[in-house]
Amino acid sequence: MLRRGADVQVIAQADVSLRSFIELEGADVQLVPDADAALSALKRTLPADLLVADRPDLTQADSEAHYGAGAGRVVLLASSRIGHYSSDLAIVDDPVLTETDPPLARRIEVGAHLHMVRPEVLALRPVAPVVLEAGKTSKLLIALSGSDPGGLTESLLAALHRDINARGLPVHLSAVIGAGWEAQRRTNLLELVDEAIEIIDQPASLAGAIAATDAVVTLGGRTTYEAFALGRPALCVPWDTTADYVFALDRQNLALAVDSSPETAAQAILAALDSPADINARAARAFDIVGAEAADRVAALCLEELL
């Protein structure tokens, strides 16, 4: 937006310790401690030609207040809850809009091509996607979000490890323990895991772990898009609330959906690694779609009719 000539003000609900991650040269950044303070600061900032909002808890009453306070054009970013907040434009950076409520947005843009990948991830982006070869050793990373809400990591690791050993497959197995894991769960896994499995405990850079592997198993969320941007095939477990997104990514030939059962998923993952033509093609397509251009696409959509 700054490159396109906009005067940008940012109101972020964040601890002051995160200031260095949020501040950007040329933008006026204000940190606030909680949701009430964020909304109060926003109302003091208005009127403005454009308001870009991304809070998932915004309501129709908020929308009416924002327009009433002088928001000339309102864009709702990265939310599937577009039936609760009127806007001129809603941008959903997922492959499909899953909300069933009637949309209040006057216009909706949906798609993986709008998913903005963090700069530190893009810094590791290769010139071309990884190409797996049948029969060659593959490094497989299990990264089921920071908390793994379905508790699938342990059972998926066990099934994969058993099948790899039983069939003598050339697959090196690693898994991420996220910051959301409880201490006892982390301890249990570290004590029980086979030494042949690499455990990456709260990595400083998940992108670095992805860049050091050949393929990634995810739940279909943010990690999936980072794998796309880094040219790694993504194999996705359709767990509960992630299923709609996983199947949409699969239908669009970006990721490969496996089964929600760890036992069946393990078999599908290893079969894909053994005959990698399909996941190579998906990774190449995803690599072309998800990259550094998404932020420019979103900025252009937000600023339409204003600059």
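How far is helix 277-289 tilted off the main Cα axis of the chain, in degrees rounded to 10, range 0 to 90? Its long axis makes an angle of about 20 degrees. Taking amide H positions as modeled 1.01 Å from N, with prolines and chain starts lacking one, the residues under 5 Å from Lys139 and 5 or more places away or on another chain are His172, Asp214, Ala215.
Considering only Ala37, Thr59, Ile108, and ranking their Cα positions along the charge dipole of the chain that arises from unit charges at the beta-carbon of Lys, Arg, Asp and Glu, the one farthest toward the positive end is Ile108. If you take all C-alpha pairs in the range 238-307, what percent of them are over 17 Å apart? Everything past 17 Å amounts to 58 percent.
Return one number: the angle in degrees, 0 to 90 and rounded to the nearest 10, between the long axis of the Cα atoms of helix 262-274 and the longest principal axis of the Cα atoms of the chain. Helix 262-274 and the main axis of the chain meet at about 80 degrees. Computed from the Kirkwood radius of its Cα pairs, the Stokes-Einstein diffusion coefficient for the range 1-114 at 4 °C and 1.567 mPa s stands at 87 µm²/s. Between the Cα long axis of helix 35-45 and the first principal axis of the chain there is an angle of about 40°, rounded to the nearest 10.
What residue among Val127, Gln184, Ile210 has its Cα farthest toward the positive end of the dipole of the chain, where the charges are +1 on Lys, Arg and -1 on Asp, Glu, each on the Cβ? Projecting each Cα onto the dipole axis, the largest value belongs to Val127. Near the amide H of Leu50, within less than 5 Å, lie the amide hydrogens of Gly72, Arg73, all on another chain or at least 5 residues away, with H placed in the peptide plane. Here the extension length gained between Arg118 and Ala14 equals 35.7 nm, from 0.36 nm per residue of separation less the Cα-Cα distance.
Taking every Cα-Cα distance in the range 74-178 and sorting them into 5 Å bins starting at zero, the pair-distance distribution P(r) comes out as 2, 10, 13, 12, 13, 14, 13, 10, 6, 4, 2, 0 percent.
Of Ala294, Ile269, Gly220, which is farthest along the charge dipole of the chain in the positive direction, counting Lys and Arg as +1 and Asp and Glu as -1 at C-beta? The residue sitting most towards the positive pole is Ala294. Relative contact order of the chain, taken over Cα pairs closer than 8 Å and 6 or more residues apart, is 16 percent. A Förster distance of 51 Å, applied to the separation of the beta-carbon atoms of Ala61 and Ala128, puts the FRET efficiency at 0.55. Taking only protein heavy atoms and a 1.4 Å probe, the accessible area of the chain is 51% carbon and sulfur. Projected onto their three principal axes, the Cα atoms of the chain cover extents of 66, 39, 38 Å, largest first. As an exercise, use a Förster radius of 25 Å and the Cβ-Cβ distance of Arg186 and Asp274 to find the FRET efficiency, rounded to the nearest 0.05. About 0.20, to the nearest 0.05. With q set to 0.14, 0.20 Å⁻¹, the log10 of I(q)/I(0) for the range 120-211, from the Debye formula over equal scatterers at the Cα positions, is -0.57, -1.06.
The values are calculated or read from the model by the stated rules, or taken from the named source; none is laboratory data. Source: prediction; values computed, not measured. Note: ideal-geometry Cβ built from the backbone for every residue, glycine included; neighbour counts use all protein chains shown. These area figures cover heavy atoms from the full protein model, side chains too; ligands, DNA and RNA do not enter into them. Shrake-Rupley method; radii C 1.70, N 1.55, O 1.52, S 1.80 Å.
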